[in-house]
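In what follows, a structure is listed as structure tokens, so that the remarks can point back to it.
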Amino acid sequence: MGLLHLIRRVMIVGFFVFVYKQAGAIEEPGERLTVYNTNLSITIDALKIKGAASNANSCIIPFTLAGKLIVVQGRADTVQGNFILDTGAPDLVLNNTYFRNYIVSTSNTEQEASITGIGEQSKRITVKQFQLGTLSYSKTYADVLSLGHLEDARGLKILGLLGISLFKDCELMIDFENRQIHLYRISKKEKETYIHPLLATHPRVSVMPFELRENRILVDTKIGNKELQFVIDYAAESNVIDSRLPEKVLDSVRVTGRVLLTGTGSKKIEAATGDLSAITIGPMQFKKLPVIITNLENTCFGTLNCINGVLGHDFLSGYTLVFNFVTRKLYILY
């Protein structure tokens, strides 16, 4: 049995994929994917970073996993607790259960949505002070949504979601092996010159550009000869591919089973699960990527530009990724 939850502000606010194993349907992730890379131009041993200093613009934040979701400690004004890293969310999102005593603005044009339909109008508040590690944010806007379904699924009190707008002037490194997030706020003076001190000259890294559209990380991919755009989403517990793609693309998936996807309501949608034979991301090719096949119509930016797929935990947990949001460069360590 599976659960897919997609909330959006304007088009999306976060993209959660909760998949509960169905007999014979989904294999648990094991070894890393087979990787083929012909462009080893920069290297880094990002895992040897113990003892690194923290200051007002730099910190290392330990994280735990709730299922496949990254959970860190943060504080919104006086409320401190668990936040989920959600690179599929454009902004900070707060759980309305714990943030009721704020002035709320409601948009008539922005709504929650899930794969099963449209929900309530989007509500927004202003947080005087938000703290993540040593980084502080003043007068931060936050969307306020019900995250009760997420708390129930994980048995965990969740204050909110950490969206992309918090990191737009930062370098963000996510190190699964050591369960650490590395944050560095890049100053205006460093914009042209900054590079992570660990980005040295030892082979094991591939570099590629990424696009930031409506505060979502998009990378160019290729399946067969078809060029596609995928979102990188650390709150997606599974990889997803759009069922509306051409048949020659979907033929690259070996179907292994079925799951039920549930959105914000009670309606359930059945979807196929399987293994994608190969996908090229930047200069790298990855073999046998586990995916869920479902309709991603609600992930469109306007009427024309749609996301073709999502790279979630099953892919991301196998590698250390470094995002420089100032230069829009992505480094994959493997």
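Here are the numbers:
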| item | result |
| --- | --- |
| Arg204 paired with Gln285, simple spin-label distance in nm, labels 7 Å along Cα-to-beta-carbon | 2.4 nm |
| Karplus (6.51, -1.76, 1.60) ³J(HN,Hα), θ = phi - 60°, over region 234-240, in Hz, Gly and Pro reported as x | 6, 9, 8, 7, 9, 6, 9 |
| Inter-label distance, nm, simple model (7 Å from Cα along the C-beta direction), Asp275/Gln129 | 5.2 nm |
| Karplus (6.51, -1.76, 1.60) ³J(HN,Hα), θ = phi - 60°, over region 128-141, in Hz, Gly and Pro reported as x | 5, 9, 10, 10, 9, x, 8, 8, 10, 10, 9, 6, 9, 6 |
| Solvent accessible area, Å² - Asp91, 1.4 Å probe, full protein context | 20 Å² |
| Sparse-neighbourhood loop sites, trypsin sites (Lys or Arg not before Pro) in region 129-176 - DSSP loop, at most 13 other Cβ within 10 angstrom | Lys157, Lys168 |
| For region 79-94, 3J(HN,Hα) per residue [Karplus equation, 6.51 cos²θ - 1.76 cosθ + 1.60, θ = phi - 60°, Hz, x = Gly/Pro] | 9, 10, x, 7, 10, 9, 6, 9, 6, x, 9, x, 9, 5, 10, 10 |
| Accessible area of Val291 in the full protein assembly, 1.4 Å probe (Å², nearest 10) | 10 Å² |
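The values are calculated or read from the model by the stated rules, or taken from the named source; none is laboratory data. The model shown is predicted, which means the values in this text are computed figures rather than measured ones. Using ideal geometry, Cβ is built from the backbone for each residue, glycine included, and neighbour counts are taken over all protein chains shown. All accessible areas refer to the heavy atoms of the entire protein, side chains included, with ligands and DNA or RNA removed. Shrake-Rupley method; radii C 1.70, N 1.55, O 1.52, S 1.80 Å.
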